[in-house]
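K.L.:
Starting off with a structure, shown below.
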Protein chains: 2
Amino acid sequence: MSAPRASEFELIARHFAPLAGTRRIAAHSLTDDAASFVPRPGFDVVMTADAIVRGIHFLPDDPPALVARKALRVNLSDLAAKGAVPLCFLVCLALPRDIEEDWIAGFAAGLAADQQAYGIELAGGDTTSTAGDLVVAITALGEVPSGRMIRRSGGRPGDEVWLSGTVGDGALGLLAAQGRLPELDTADHDALVDRYRLPLPRIALGPLLVDLGVSCMDVSDGLVQDLGHLARLAGCGATIEAALLPLSTVAARLCGRDPPLLASALTGGDDYELLIVAPPSRAAALAQTASTSGTPLTRIGRFHAGEGVVVRDAAGERLVLPRSGWQHF
Amino acid sequence: MSAPRASEFELIARHFAPLAGTRRIAAHSLTDDAASFVPRPGFDVVMTADAIVRGIHFLPDDPPALVARKALRVNLSDLAAKGAVPLCFLVCLALPRDIEEDWIAGFAAGLAADQQAYGIELAGGDTTSTAGDLVVAITALGEVPSGRMIRRSGGRPGDEVWLSGTVGDGALGLLAAQGRLPELDTADHDALVDRYRLPLPRIALGPLLVDLGVSCMDVSDGLVQDLGHLARLAGCGATIEAALLPLSTVAARLCGRDPPLLASALTGGDDYELLIVAPPSRAAALAQTASTSGTPLTRIGRFHAGEGVVVRDAAGERLVLPRSGWQHF
């Protein structure tokens, strides 16, 4: 038996008010209906929203701090893809009645940790009960120099395709969490599961891309599917060279041993890396940006006349993929 | 049997992309990860978020257009209370699998109608499936002249308490919808139920209050409870004079016939009127503002030393209320 849950007002005062912005955001300890900020002259405001649902985007027994950080980070990843510097966020929580206050305390602790890590401030939100499953809906705001928000569109045939970090660790991490990669030792298993559970939004890299004339999106639904969106917006096709793909050491070992896993790596979701399309003339600038931001960037393919995305192996043979990416419904 | 639901991308393109902002908001037909806007010099950005859940905030068989409009309007009401002019909103939808595309089409039509009515633009959002119940989480943004966001705090003993519109129609409308006011004729029944189902955010009034040095909040959880928040922030008590309360014709008739209903009117939620606290010297300016905005404003009581909220009848006797307002959990 648990004690009766505190009122909404008590829960907010206890767990969320300490997170309320004070630096750029006037959030008034969340005692008001709204928060405000003074826009920075010369900057546009960028807005994005993403919701995660228990049983769909996270596991019922995931620690609440991790759930909070994932919910925030998937939004930060979108801001990074736009070249925006994170500013603030609002969080709506629909809480089943079986959620105890400890869960809420853990959730708030997760937000607190990532606010600190990513320099973002809580601006407000709403908590409500639900007879259904737990939903965390976050809206995040950031800033970019005026008129410089990076778009998904703008690529053209001949452009090169770049990817930050590594591909597939999120998808392989989900398989590991499901017990479907029993050959992994504990350290590798845990490292992959962590990558699935907790995205690393590329907020150091994103804002450095605004002057480079690139197109960009974050890879959340699978590399092949997401690259397909960029190619379609550019009215062309794309080829990925499998030999160029940046794989973590453990992903490379797994795919070497069991080649079909490469398809999972290419089409599973939860990478949250930046997929960047740029003319070849930008290669040196991108390499410099990678170095400045401390973020690995790898050229993995190119845009060309045609449509769709193909992946070719070292011999030039086309890999057959069972699907292109994550379907939301 | 229903046809398989379209993919998230198809649903967005079909139903939500036509609503995407183009006036102040660069929303790119919702094909991008984010939207942006150029802040207006001399204005602050105001942010608020509210979620509504099926079975808690709306009835399972409420028409989807009404659900959309209610979700949007509760946020617009918060912006109005801050004196903000609505700018844009983002909507996260967690949809059970039994929701059909017709429902989504109706929901989008409701948003479209209110976008038109309130001059607000869709900036983005997220749709996801859930094994639980339907959740609509909206974040709304607006603008106020720099440094002028109206706060809940700032009242003091001696201030007068004003209320826009009428009180209690929302709460009585819920009773009517539940079949608990069988003596009503059809027209009165429907009028009250409409007031429960569809708030009328006071966005014409709110922005006119920013220069008047008032405190304000919207009444969503019951007049007595919400006035209690304002009084507590002012460090004082408040008295409402029941004889001054603005009641609609039908509410006045119901409460006249069955006096305990007045307690429901004072403590039930869903009024979405503005509760304004101002020094007596502002009375003429408030009356002028009411006239300019076409919004009735009634002085209903005052702040004074002490704490808590009391309601007194014409004889000065204190009314005993069974509770002060809506509890969220």
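K.L.:
If you go through region A:192-203 one residue at a time, do you hit one that is aliphatic (A, V, I, L, M), part of a helix (DSSP H, G or I) and under 21 Å from the mean Cα position of the chain (by Cα)?
P.N.:
We begin by selecting, within region A:192-203, every residue aliphatic (A, V, I, L, M); these are A:192-193, A:198, A:200, A:203.
Within this subset, residues satisfying the condition of being part of a helix (DSSP H, G or I) are A:192-193.
Among the residues that remain, those that are also under 21 Å from the mean Cα position of the chain (by Cα) are: A:192-193.
Checking region A:192-203: at least one residue is aliphatic (A, V, I, L, M), part of a helix (DSSP H, G or I) and under 21 Å from the mean Cα position of the chain (by Cα).
K.L.:
Also, I was wondering about something else. Report yes if A:L261 is within 28 Å of A:D190 (Cβ to Cβ), in contact (Cβ under 8 Å) with a residue 24 or more places away in the chain and either more than 13 Å from chain B (Cβ to nearest Cβ) or touching a strand residue (DSSP E or B) at 6+ places or on another chain (Cβ under 6 Å) (or both), otherwise no.
P.N.:
Numbers: within 28 Å of A:D190 (Cβ to Cβ): yes; in contact (Cβ under 8 Å) with a residue 24 or more places away in the chain: yes; either more than 13 Å from chain B (Cβ to nearest Cβ) or touching a strand residue (DSSP E or B) at 6+ places or on another chain (Cβ under 6 Å) (or both): yes.
So A:L261 fits the description; yes.
K.L.:
Does A:T295 satisfy the condition of being surrounded by 14 or more Cβ atoms within 10 Å (Cβ to Cβ), over 23 Å from A:D194 (Cα atoms), in the same structural domain as A:V219 (by TED's automatic domain parsing) and touching a residue at least 60 places away in the same chain (Cβ under 8 Å)? Don't jump to the end; show me each part of the working.
P.N.:
Values: surrounded by 14 or more Cβ atoms within 10 Å (Cβ to Cβ): yes; over 23 Å from A:D194 (Cα atoms): no; in the same structural domain as A:V219 (by TED's automatic domain parsing): yes; touching a residue at least 60 places away in the same chain (Cβ under 8 Å): yes.
Answer is no for this residue.
K.L.:
Among the residues of region B:163-174, which ones are crowded, with 24+ Cβ neighbours inside 10 Å, of a type outside the set (A, V, I, L, M) and touching a strand residue (DSSP E or B) at 6+ places or on another chain (Cβ under 8 Å)?
P.N.:
From region B:163-174, those crowded, with 24+ Cβ neighbours inside 10 Å are B:163-164, B:167-173; that's our starting set.
Those left that are additionally of a type outside the set (A, V, I, L, M): B:164, B:168-170, B:173.
B:S164 - this is the single residue of region B:163-174 that is crowded, with 24+ Cβ neighbours inside 10 Å, of a type outside the set (A, V, I, L, M) and touching a strand residue (DSSP E or B) at 6+ places or on another chain (Cβ under 8 Å).
K.L.:
Condition test on A:V167, is it within 19 Å of A:L319 (Cα to Cα) and away from chain B (no Cβ under 14 Å)? Step through it out loud before you land on a result.
P.N.:
Values: within 19 Å of A:L319 (Cα to Cα): yes; away from chain B (no Cβ under 14 Å): yes.
So A:V167 passes the test.
K.L.:
Another one. Can you tell me how many residues in region B:1-55 are among the aromatic types (F, W, Y) and touching a His at 6+ places or on another chain (Cβ under 9 Å)?
P.N.:
Of all residues in region B:1-55, those among the aromatic types (F, W, Y) come to B:9, B:16, B:37, B:43.
Still in the running and touching a His at 6+ places or on another chain (Cβ under 9 Å): B:9.
Final tally of qualifying residues: 1.
K.L.:
Scan (1) within 26 Å of A:A285 (Cα to Cα); (2) touching a strand residue (DSSP E or B) at 6+ places or on another chain (Cβ under 6 Å); (3) crowded, with 24+ Cβ neighbours inside 10 Å for the single condition A:S146 breaks and write down its number.
P.N.:
A:S146 satisfies every listed condition except (3).
K.L.:
Applying the selection to region A:73-110, what residues are more than 10 Å from chain B (Cβ to nearest Cβ), over 27 Å from B:G55 (Cβ atoms) and out of contact with any Pro (no Cβ under 7 Å at 6 or more places or on another chain)?
P.N.:
Hits for region A:73-110 are A:P86, A:A109.
K.L.:
Among the listed residues A:D169, A:D188, A:D133, identify the single one that is of a type in the set (D, E, K, R) and out of contact with any helix residue (DSSP H, G or I) (no Cβ under 7 Å at 6 or more places or on another chain). Walk me through how you get there before you give the answer.
P.N.:
On the way: A:D169 fails: out of contact with any helix residue (DSSP H, G or I) (no Cβ under 7 Å at 6 or more places or on another chain); A:D188 fails: out of contact with any helix residue (DSSP H, G or I) (no Cβ under 7 Å at 6 or more places or on another chain).
It is A:D133.
K.L.:
Any residue in region B:238-255 that is out of contact with any helix residue (DSSP H, G or I) (no Cβ under 6 Å at 6 or more places or on another chain), buried (at least 20 other Cβ atoms within 10 Å of the Cβ) and closer than 26 Å to B:L87 by Cβ?
P.N.:
Scanning region B:238-255, I find no residue that is out of contact with any helix residue (DSSP H, G or I) (no Cβ under 6 Å at 6 or more places or on another chain), buried (at least 20 other Cβ atoms within 10 Å of the Cβ) and closer than 26 Å to B:L87 by Cβ, so the answer is no.
K.L.:
Out of the residues in region B:39-62 that are in contact with a Phe, Trp or Tyr (Cβ under 9 Å, 6 or more places away or on another chain) and either farther than 27 Å from A:A81 by Cα or part of a loop (DSSP other than H, G, I, E, B) (or both), which is farthest from the other protein chains (Cβ to nearest Cβ)?
P.N.:
Ranking the candidates gives B:I52 first.
K.L.:
Here is a further query. Condition first: of a type in the set (S, T, N, Q), within 30 Å of A:A131 (Cβ to Cβ) and in contact with a Ser or Thr (Cβ under 9 Å, 6 or more places away or on another chain). Now tell me which residues in region B:6-65 satisfy that.
P.N.:
Taking region B:6-65 as the starting set, the residues that turn out to be of a type in the set (S, T, N, Q) are B:7, B:22, B:29, B:31, B:36, B:48.
Cutting the leftovers down to within 30 Å of A:A131 (Cβ to Cβ) gives us B:7, B:48.
Within region B:6-65, B:T48 is the sole residue that qualifies.
K.L.:
Could I ask something else about it? Could you tell me how many of the residues in region B:155-182 are free of Cβ contacts under 8 Å to residues at least 60 places away in the same chain and not in a helix (DSSP H, G or I)?
P.N.:
Of the residues in region B:155-182, the ones free of Cβ contacts under 8 Å to residues at least 60 places away in the same chain are B:176, B:178-180, B:182.
Among the residues that remain, those that are also not in a helix (DSSP H, G or I) are: B:178-180, B:182.
The total comes to 4.
K.L.:
Something else now. Could you look through region B:134-154, keep only residues that are among the small types (G, A, S), more than 7 Å from chain A (Cβ to nearest Cβ) and in a strand (DSSP E or B), and pick out the one that is nearest to B:P96 (Cα to Cα)? Can you show your working first?
P.N.:
Applying the first criterion (among the small types (G, A, S)) to region B:134-154 yields B:137, B:140, B:142, B:146-147, B:153-154.
Among the residues that remain, those that are also more than 7 Å from chain A (Cβ to nearest Cβ) are: B:140, B:142, B:147, B:153-154.
Remaining after also requiring in a strand (DSSP E or B): B:140, B:142.
On the way: B:A140: 24, B:G142: 31 Å.
Out of the qualifying residues, it is B:A140.
K.L.:
What is the one condition in (1) of a type outside the set (D, E); (2) buried (at least 21 other Cβ atoms within 10 Å of the Cβ); (3) at pLDDT below 95 that B:L230 does not satisfy?
P.N.:
(3)
K.L.:
Just checking, how many residues over region A:175-190 are under 15 Å from A:F58 (Cα atoms) and surrounded by 13 or more Cβ atoms within 10 Å (Cβ to Cβ)?
P.N.:
From region A:175-190, those under 15 Å from A:F58 (Cα atoms) are A:175-178; that's our starting set.
Filter once more, keeping what is surrounded by 13 or more Cβ atoms within 10 Å (Cβ to Cβ): A:175-177.
Looking only at that region, the number is 3.
K.L.:
Is it true that B:R73 is closer than 20 Å to B:E100 by Cα, basic (K, R) and outside any loop (DSSP other than H, G, I, E, B)? Full working, then the answer.
P.N.:
Working: closer than 20 Å to B:E100 by Cα: no; basic (K, R): yes; outside any loop (DSSP other than H, G, I, E, B): yes.
Here the answer is no, as B:R73 does not meet what is asked.
K.L.:
With the condition being more than 23 Å from A:L208 (Cα to Cα), I'd like the helices (runs of 4 or more DSSP H) fully within region A:218-319 carrying at least 1 qualifying residues.
P.N.:
Details: elements: A:223-234, A:249-257, A:261-267, A:283-293.
Helices (runs of 4 or more DSSP H) meeting the threshold: A:223-234, A:249-257, A:261-267.
K.L.:
While we're looking at this one, here's another question. Among the residues of region B:59-69, what is the count of those that are in contact (Cβ under 8 Å) with a residue 24 or more places away in the chain and not aliphatic (A, V, I, L, M)? Quick ask: steps written out before the conclusion?
P.N.:
If we filter region B:59-69 for residues that are in contact (Cβ under 8 Å) with a residue 24 or more places away in the chain, which is where we start, we get B:59, B:62-69.
Next, from what is left, pick out any that are not aliphatic (A, V, I, L, M): B:62-64, B:69.
The qualifying residues number 4.
K.L.:
For residues in region B:111-132 being in contact with a Gly (Cβ under 9 Å, 6 or more places away or on another chain) and surrounded by fewer than 24 Cβ atoms within 10 Å (Cβ to Cβ), which is farthest from the other protein chains (Cβ to nearest Cβ)?
P.N.:
B:Q115
The values are calculated or read from the model by the stated rules, or taken from the named source; none is laboratory data. On a predicted model such as this, the values are computed, not experimentally measured, just so you know. For neighbour counting, all protein chains shown are included, and Cβ atoms are generated from backbone atoms with ideal geometry for every residue, glycine included.
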